[in-house]
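Remarks on the structure that follows.
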Amino acid sequence: MAQRTSGAGVPSGPAPLSGVPVPAMASAGRRDAPEAPDFGILKRLARDQLIYLLEQVRAGSPGPGCRGRGCGGGGVGAGSSRCEPPARLPAAPREEGPVHRGRPDEPPGPHRQRLHTQAARGGQAVQGGDPASPQLLRPFYACEMVLEEEGVFGDVTCDEWSFYLLPLDEDIISMELPEFFRDYFLEGDHRWINSIARALQLLNSLYGPFGRAYGIGRCAKMSFELWRDLEGESEGDGQGRKPEIGNVFLMDRDTDYVTALCSQVVYEGLVDDTFRIKCGSVDFGPDVTSSDKSIKVLLNAQDKVFSQIRNEHFSSVFGFLSQKSRNLQAQYDRRRGMDIKQMKNFVSQELKGLKQEHRLLSLHIGACESIMKKKTKQDFQEMIKAEHSLLEGFDIRESTSFIEEHIDRQVSPIESLRLMCLLSITENGLVPKDYRSLKTQYLQSYGPEHLLTFHNLKRIGLLTEQAAGETLTAVESRVSKLVTDRAAGKITDAFNSLARKSNFRAISKKLGLIPRLDGEYDLKLPRDMAYVFSGAYVPLSCKIIEQVLERRGWQGLEEVVRLLNGHEFSVSDSAAEDSAEAQRVVLAVFLGGCTFSEIAALRFLGKERGCKFIFLTTAITNSARVMEAMTEARA
């Protein structure tokens with residue numbers, strides 16, 4: 001593969017990561033990536049604990065429900081990897097009374113009404129099911145308060161099923177906490193940090209110990225420190241075991257808002273933007289299925305068609321599906337020249353698989369056609385062009401005019417808000433005149449109820465005015481003359497945090513996020529991670545991970561860290577670094593959500609560098625979900 005030059009003028013071809021040993025090869029400069037660990041054990045642990053809890057109810061036992069050391073108050077995700085369910089309890093008569101299962105973070109009102117009604121009818125067991133909200137200290141306390149207020153606390157048995165980690169695919173694990181982004185980054189609620197730390201503890205005990213841990217962001221650092229404290233308190237489960245994951249990288253979502261706000265153009269990202277992938281599955285409506293019924297389809301590596309196109313740029317997908325259709329037809333046509341014995345073998349061994357592949361192929365072709373129709377109506381090409389101009393810093397006035405037109409035409413309140421935020425972050429805040437003008441036009445087009453949304457976006461740093469940042473910079477420069485350099489550095493960090501400046505232009509220049517192209521970018525044979533955004537932009541989050549893994553730390557990235565407002569860390573465990581195979585497996589942890597574009601980019605990097613990326617995220621996100629989390633005017 002030919003070497004290329006990044007935007008910073010530094011060669012960035014597929015050289016092996018310095019922390020990842022790559023053997024010499026005659027023809028290729030890379031080696032095959034290792035296999036991902038088996039995450040099926042996470043499902044089995046959750047299933048076994050649920051069975052045990054249900055058997056407790058069935059036996060009429062008000063026992064603690066696996067609250068010992070092995071499962072700690074967090075069950076499946078909170079303690080020892082050797083959490084074995086007890087032997088099956090003998091069948092016993094079911095106790096009279098209903099069993100209520102629900103999320104402890106439900107509003108108190110529904111809890112109060114249901115629990116009071118059920119207890120009044122003689123209910124003796126309430127099972128606090130929690131498949132997606134593992135941190136129960138606050139919710140359980142609220143539940144107990146409600147029960148106590150209703151006078152039924154002694155008549156109800158509460159138990160907990162903690163399902164920390166949901167494997168969505170062979171390399172993606174989700175905590176299914178979509179509320180995390182708003183709770184932490186907007187509201188400053190730290191309740192989920194314990195859940196993240198315990199999830200890391202579980203993975204470390206099952207697939208570790210991790211040889212190296214890197215991270216950046218305030219939440220990432222707190223989660224890492226709590227995880228280390230939990231490891232210190234435990235008895236060192238997993239020690240002495242052969243590690244399967246050698247590196248872990250934690251990153252806060254606010255480190256890189258730009259990538260989350262960009263329109264996705266890889267197939268899986270477009271499917272998510274258009275149809276909303278939920279828990280690894282998607283509902284394809286009649287416009288896709290060509291019938292009057294909707295179909296729920298599981299999107300993972302088991303889908304042979306999807307697995308081949310999920311990471312591809314959308315412009316390459318139609319050609320692949322067309323070729324796949326021709327190949328499938330050729331396999332069907334082989335039946336014509338078969339004798340009876342060959343036909344029997346064909347029907348028993350191949351026909352079922354061909355029919356399944358044909359069904360999936362039809363669905364993905366229908367999905368592509370539906371995406372094309374919807375994006376054509378939304379002037380998708382013009383929007384992409386405007387986004388690329390914002391990322392590159394060209395034709396800003398023209399892009400601003402496009403956003404104004406988008407608002408005036410009332411195309412979509414979420415899309416208009418997204419473009420405004422992207423303009424603000426890439427320009428380090430809006431000029432006050434533009435901010436007031438865009439805000440006024442938006443409120444006039446979509447309604448004054450969005451005023452609180454603008455307040456939220458300003459608090460989180462997604463949509464700001466330049467004036468505030470400039471004022472703080474002036475104060476900062478005056479103060480720095482009166483104190484020592486070290487103290488001035490600390491004050492600078494504090495002011496940077498208050499101003500919530502993005503510094504995108506400076507970071508982009510330092511890391512070469514905008515590729516310098518000689519000629520047209522070939523999206524069918526991508527050269528770098530920029531292909532996930534049509535060759536216009538390398539995702540910042542992925543570039544940071546690449547650079548830190550290459551350097552095995554933050555050395556040489558001090559200026560980038562300063563622009564990102566710090567909170568970086570790098571910790572190594574020399575005892576766990578012996579396994580060369582494990583060092584080629586990297587767990588990338590995204591706190592606040594991860595997009596399918598970032599997943600596709602890191603999968604590409606893994607193939608180029610001979611390593612395997614595993615993704616742990618609080619939830620899968622995209623630009624619409626980020627905006628909706630900040631929106632106060634609910635439809």
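Among the residues of segment 575-595, those that are outside any strand (DSSP E or B), out of contact with any Gly (no Cβ under 8 Å at 6 or more places or on another chain) and modelled with pLDDT of 90 or more comprise Gly592, Gly593. Reported count of residues in segment 351-364, each being over 26 Å from the mean Cα position of the chain (by Cα) and aliphatic (A, V, I, L, M), is 3. Applying the condition of being in contact with a strand residue (DSSP E or B) (Cβ under 8 Å, 6 or more places away or on another chain) and touching a residue at least 40 places away in the same chain (Cβ under 8 Å) to segment 424-456 and asking which residue is surrounded by the most Cβ atoms within 10 Å (Cβ to Cβ) yields Ser424. Do we find that Asp287 is part of a helix (DSSP H, G or I) and out of contact with any Cys (no Cβ under 7 Å at 6 or more places or on another chain) in this structure? Criteria met by Asp287.
Where helices (runs of 4 or more DSSP H) sit wholly within segment 440-544, those with at least 1 residues that are at pLDDT 70 or above occupy 451-460, 466-480, 504-511. Which residue pairs have Cβ atoms under 9 Å apart, sit 6 or more places apart or on different chains, and have a first residue in segment 244-259 that is closer than 18 Å to Ser508 by Cα and a second that is in a loop (DSSP other than H, G, I, E, B) and among the hydroxyl-bearing types (Ser, Thr, Tyr)? Going by the 9 Å Cβ cut-off, the qualifying pairs are Arg253/Thr618; Arg253/Thr621; Tyr257/Ser502; Val258/Ser502; Val258/Tyr537; Thr259/Tyr537; Thr259/Thr595.
For Ala367, the test of being under 21 Å from Asp283 (Cβ atoms), of a type outside the set (Val, Ile, Thr) and touching a helix residue (DSSP H, G or I) at 6+ places or on another chain (Cβ under 7 Å) is passed.
Can you find, within segment 24-44, the residue that is modelled with the highest pLDDT among those that are surrounded by 17 or more Cβ atoms within 10 Å (Cβ to Cβ) and more than 14 Å from Ile614 (Cα to Cα)? Checked segment 24-44; the qualifying residue modelled with the highest pLDDT is Leu42.
When you check Val248 against the structure, is it surrounded by 21 or more Cβ atoms within 10 Å (Cβ to Cβ) and either farther than 27 Å from Ile41 by Cα or assigned by TED's automatic domain parsing to the domain that holds Leu390 (or both), yes or no? In short, no.
The values are calculated or read from the model by the stated rules, or taken from the named source; none is laboratory data. Source: prediction; values computed, not measured. Cβ atoms come from the backbone with ideal geometry, glycine included; neighbour counts cover every protein chain shown.
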